[in-house]
Structure formats: C-alpha cells, structure tokens
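*Asks:* To start, I am sharing the structure in question, which I have written as structure tokens.
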Ligand SMILES: NC(=O)c1ccc[n+]([C@@H]2O[C@H](COP(=O)([O-])OP(=O)(O)OC[C@H]3O[C@@H](n4cnc5c(N)ncnc54)[C@H](OP(=O)(O)O)[C@@H]3O)[C@@H](O)[C@H]2O)c1
C-alpha cells in the first residue's frame, strides 16, 4: 500500500528554493501523527531539506541516482522499482527489491520529482490544501484528477495566531 502525503497550495505549488512554502505548525503535527512509527520514502533533496534528518521514530528511505551513496540514519534505494518489486538476485550476488513489505503502508513524503513518479503507483493521498497561492514557487504537485481520485474526507481549519493561512486536511482514494 502506497500513500502520498503533501501540503499543496491552491496553485499546486509545494516548494520554493529547496524549502517549504510556509511554516504551518498544525500541518507538521498532522504529518507527524500520520507517519510516526511508519516507513517514509523521499527524494534526496527532500531528505537534506528536513531540519532534522532522518525523521525520528520512522524508518527513512531515500531515493538517489547515485549508486553506492549512503545516508546517515536512512536506507538508500537507487530506483523506485527496487523499492516495490519482488526480490531478485543482483549481479553483486545480493537480493534487490521488495525493501518494503507490500502489505505495509509506505508514505511518500516528497518532493516534486518523487511525487510525480509515485502518483500513478499510489493508493491513497493525504493532502493538506493550503488556501493560498505562491506565484514564485518552483516545485509543484501533479493535478489531482477527479476522474481518478475521490475525496473521502475533508476537515477545514481557519488561520490562527500560529498558522497564517486557512487549510484543509483531506484524504483521497482511487475513484
Ligand atoms: N509541500 C510539501 O508537502 C513538500 C514535501 C516534500 C518536499 N517539498 C519540497 O519539494 C522540494 C524538493 O523537491 P524536488 O523535486 O526538488 O526534489 P526531491 O523529489 O526531493 O528529490 C529529487 C532527487 O531524488 C532522487 N530521485 C528522484 N527520482 C529518482 C529515481 N527514479 N531514481 C533514483 N533517484 C531519484 C534524485 O537524487 P540524486 O540527485 O541523488 O540522484 C533527485 O535529484 C523542496 O522545495 C521541498 O521543500 C514539499
């Protein structure tokens, strides 16, 4: 089971200059509640953008093209296929593939490049819709096609002294 978790602006923006678009503590808490104790997978840029990496209390997996590259406190995978295909012997004589048990919920936590590749493999989306647009963003999420994705829950919250924008915690499953 593959789930995507992301915070998206109204113009589908998710990042700017290697960082998040805004500080929304309620979303960080929501993210922590959903992913704690689980396996999280991310691209290399997202891993290094985290203020604290690896993410504590989670199994961290980092996707990189650079074979042999390692990440302290995280496991490296060198292709998406390696992560999700049944084990196969590799030329190095060790088994590759099926790093994550297919019955476990694997959380894809970014960034843009990884979301674009994992969207077609995902079973569920946990989306925080931030009710604001950033025209100067440089990283975007793919469009959530209502012919493919059905919203199963939505919980709207107003901005407050800590959270500068209105936001909605939504979940989607395949239609
Ligand atoms: N709003 C949100 O919820 C959210 C969440 C996460 C991230 N973000 C934002 O997204 C931005 C980062 O996204 P990004 O698109 O620049 O980078 P990214 O997706 O985090 O990482 C890209 C890197 O992942 C590796 N990679 C990707 N696909 C691969 C594949 N098929 N096989 C092997 N390696 C692969 C490559 O690493 P190598 O270069 O090592 O080969 C690539 O350079 C930041 O601004 C971040 O703050 C936002």
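Yes/no per residue for (1) at negative phi; (2) more than 14 Å from the chain's Cα centre (by Cα); (3) within 12 Å of the ligand (Cβ to nearest atom):
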site: 7; (1), (2), (3): yes, no, yes
site: 14; (1), (2), (3): yes, no, yes
site: 18; (1), (2), (3): no, yes, yes
site: 21; (1), (2), (3): yes, yes, yes
site: 26; (1), (2), (3): yes, yes, no
site: 38; (1), (2), (3): yes, no, no
site: 41; (1), (2), (3): yes, no, yes
site: 44; (1), (2), (3): yes, no, yes
site: 47; (1), (2), (3): yes, no, yes
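*Asks:* Might you let me know whether the stretch 90-101 holds any residue that is within 9 Å of the ligand (Cβ to nearest atom) and either closer than 26 Å to residue 168 by Cβ or touching a helix residue (DSSP H, G or I) at 6+ places or on another chain (Cβ under 7 Å) (or both)? Outline the logic, then answer.
*Replies:* Step one: of the stretch 90-101, the residues within 9 Å of the ligand (Cβ to nearest atom) are none.
Within the stretch 90-101, none of the residues are within 9 Å of the ligand (Cβ to nearest atom) and either closer than 26 Å to residue 168 by Cβ or touching a helix residue (DSSP H, G or I) at 6+ places or on another chain (Cβ under 7 Å) (or both).
*Asks:* Residue under question is residue 32, and the condition is that it be near the ligand (Cβ under 10 Å from one of its atoms) and surrounded by fewer than 20 Cβ atoms within 10 Å (Cβ to Cβ); does it hold?
*Replies:* no
*Asks:* Follow-up. Of the conditions (1) surrounded by 11 or more Cβ atoms within 10 Å (Cβ to Cβ); (2) within 17 Å of the chain's Cα centre (by Cα); (3) within 12 Å of the ligand (Cβ to nearest atom), residue 74 fails just one. Which one is it?
*Replies:* That leaves (3) as the condition not met.
*Asks:* Among the residues in the stretch 116-124, are any exposed (fewer than 14 other Cβ atoms within 10 Å of the Cβ), in contact (Cβ under 8 Å) with a residue 40 or more places away in the chain and within 18 Å of residue 175 (Cβ to Cβ)?
*Replies:* Yes, that holds for at least one residue.
*Asks:* Another one. Taking the stretch 51-67 on its own, how many of its residues are surrounded by fewer than 15 Cβ atoms within 10 Å (Cβ to Cβ) and more than 8 Å from the ligand (Cβ to nearest atom)? Please lay out each step first, then the result.
*Replies:* Step one: list which residues in the stretch 51-67 are surrounded by fewer than 15 Cβ atoms within 10 Å (Cβ to Cβ), which gives 51-52, 56-57, 65-67.
Filter once more, keeping what is more than 8 Å from the ligand (Cβ to nearest atom): 51-52, 56-57, 67.
Of the residues in that region, 5 qualify.
Bear in mind these aren't lab numbers, they're just calculated from the coordinates by the rules spelled out. These figures come from a predicted structure and were not determined experimentally. No Cβ is skipped: glycine too gets one built from the backbone with ideal geometry, and neighbour counts run over all protein chains shown.
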